[in-house]
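Structure, as structure tokens:
The values are calculated or read from the model by the stated rules, or taken from the named source; none is laboratory data. Remember, predicted model here, so these are calculated numbers, not experimental data. Cβ placement follows ideal geometry from the backbone for every residue including glycine, while neighbour counts extend to all protein chains displayed. Only protein heavy atoms, including side chains, enter the accessible area calculation; ligands, DNA and RNA are left aside. Shrake-Rupley method; radii C 1.70, N 1.55, O 1.52, S 1.80 Å.
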Amino acid sequence: PVAPAAAPVQAAPEAVASAPPAPRAPTVADDQAYQQWRVRLEQALLQSKRYPTGARRMGQTGTVVVHLRIADGSLLHCMLHHSSGFKVLDQAAEQLVRSVAQSLGAQVPPGRSADLRIPIVYELTES
């Protein structure tokens, strides 16, 4: 006697843990978008910069370096990195960078961050 053929047994589907997708490497287009953002940032800083009246009147000049960090479109860090030696210039530069960064931060290409030290130069020129 021949035993009846067993019906095929289907295995229960296994739960497969899916790993989060790997971050994608920046492309040439991402790099170009980031460079365009940097140009917009520099232009906005130049257009928005104002020489504090009191500092101008007192002949105060100097270079302020502001440390800026943006990630995922959010301003994470904006503070004085190097002083000009004049509090009014330091405060004006920090406020300038913070204001411009907050308005342009969301335009940083997705997945990119910016960690910059931005020099703001205050110099008096004769007209």
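Here are some notes:
- Flag if ARG40 is at pLDDT 90 or above, open to solvent by 80 Å² or more (accessible area, probe 1.4 Å) and in contact with a strand residue (DSSP E or B) (Cβ under 9 Å, 6 or more places away or on another chain): no
- Residues within region 47-78 that are at pLDDT below 95 and open to solvent by 60 Å² or more (accessible area, probe 1.4 Å), tallied: 3
- Residue pairs whose Cβ atoms lie under 7 Å apart, sitting 6 or more positions apart in sequence or on different chains, and linking a residue in region 59-87 that is without any contact (Cβ under 8 Å) to a residue 60 or more places away in the chain and among the β-branched types (Val, Ile, Thr) to a partner that is in a loop (DSSP other than H, G, I, E, B) and open to solvent by less than 30 Å² (accessible area, probe 1.4 Å), are THR63/SER84; VAL64/SER84; ILE70/VAL108.
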